[in-house]
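Working notes, structure below.
The values are calculated or read from the model by the stated rules, or taken from the named source; none is laboratory data. This one's a predicted model, so the numbers in the text were calculated from it and none came from an experiment. Here the Cβ positions follow ideal geometry from the backbone for every residue, glycine too, while neighbour counts run over all protein chains shown.
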Amino acid sequence: MKKIITVFLAAFVFINFTFSHPVMAYNGAFIILPGDVLHINVWKEEGMDQEVLVLPDGTITFPLVGTLNVKNLSPASVQDIIRKSLVSYIPDAAVTVSVKMPLGHKVSVIGQVQKPGEIILNTRMGVMQILSQVGGLTPYADEDKIIVIRERLNGEKEKIAFPYHTISKGKELEKDINLLPGDIIVVPASGLF
């Protein structure tokens, strides 16, 4: 009976992560980032059902496990680590880790847009979608100089030119940039002369 329940829970978790959390990271898989809120549950264990915030250093704390670094791990990996850490206390622990809120998956928009600020990436989104969510460009925006600033995995920052004028006319739509957590869209002001 325990095997059937374990298989059922594993299938539930797989389906839950595969279809309800479509935010993508560098390789297309969901990764946990600082700011995310996780829901961790150990089935039928009192006090082991908690929502935890991933701290800025990428760590969480969970009873009987202590502090874990979960930054850049998948929810399934965290689930496995917690289950293995609990084995001496709860031999057949059925652990579920889900992402309650992907608050660490955000992009920033600054400059000449109607509502500058941060947008949570709750699905794969391009620059045009984000610009739409911030109310579009102001009349003072320089459409030809919009850039995306992206931090590479090695920590270096790169500047990616965004062809707003071309895409907004329905041309070269494939040049819309799929955004990653941490990207910054910069919309500069046009020169007055």
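Filter the stretch 45-74 for residues that are assigned to a loop (DSSP other than H, G, I, E, B), under 14 Å from residue 32 (Cα atoms) and touching a Ser or Thr at 6+ places or on another chain (Cβ under 9 Å) and give the result.
Of the stretch 45-74, the ones assigned to a loop (DSSP other than H, G, I, E, B) are 45-48, 54-58, 63-65, 70-74.
When the remaining residues are screened for being under 14 Å from residue 32 (Cα atoms), the result is 54-58, 70-74.
If the condition is that a residue be assigned to a loop (DSSP other than H, G, I, E, B), under 14 Å from residue 32 (Cα atoms) and touching a Ser or Thr at 6+ places or on another chain (Cβ under 9 Å), then 55, 70, 71 are the ones that fit.
Scan (1) modelled with pLDDT of 60 or more; (2) more than 30 Å from residue 133 (Cβ to Cβ); (3) not in a loop (DSSP other than H, G, I, E, B) for the single condition residue 91 breaks and write down its number.
(3)
State all residues of the stretch 29-67 that are surrounded by 15 or more Cβ atoms within 10 Å (Cβ to Cβ) and under 22 Å from residue 153 (Cβ atoms); if no residue qualifies, say none.
If the condition is that a residue be surrounded by 15 or more Cβ atoms within 10 Å (Cβ to Cβ) and under 22 Å from residue 153 (Cβ atoms), then 30, 31, 32, 33, 34, 35, 36, 54, 55, 58, 59 are the ones that fit.
Which condition breaks for residue 92 when tested against (1) in contact with a strand residue (DSSP E or B) (Cβ under 8 Å, 6 or more places away or on another chain); (2) surrounded by fewer than 18 Cβ atoms within 10 Å (Cβ to Cβ); (3) in contact (Cβ under 8 Å) with a residue 40 or more places away in the chain?
So residue 92 meets the others, but not (1).
Given the condition acidic (Asp, Glu), in contact (Cβ under 8 Å) with a residue 12 or more places away in the chain and out of contact with any Phe, Trp or Tyr (no Cβ under 6 Å at 6 or more places or on another chain), answer yes or no: does some residue in the stretch 158-174 qualify?
Step one: filter the stretch 158-174 for residues acidic (Asp, Glu), giving 158, 172, 174.
Now narrow it down to the ones that are in contact (Cβ under 8 Å) with a residue 12 or more places away in the chain: none.
No: the stretch 158-174 contains no residue that is acidic (Asp, Glu), in contact (Cβ under 8 Å) with a residue 12 or more places away in the chain and out of contact with any Phe, Trp or Tyr (no Cβ under 6 Å at 6 or more places or on another chain).
Among 171, 157, which is the only one that is under 21 Å from the mean Cα position of the chain (by Cα) and either surrounded by fewer than 16 Cβ atoms within 10 Å (Cβ to Cβ) or more than 30 Å from residue 72 (Cα to Cα) (or both)? Step through it out loud before you land on a result.
Working: 171 fails: under 21 Å from the mean Cα position of the chain (by Cα).
157 is the lone residue from the list that is under 21 Å from the mean Cα position of the chain (by Cα) and either surrounded by fewer than 16 Cβ atoms within 10 Å (Cβ to Cβ) or more than 30 Å from residue 72 (Cα to Cα) (or both).
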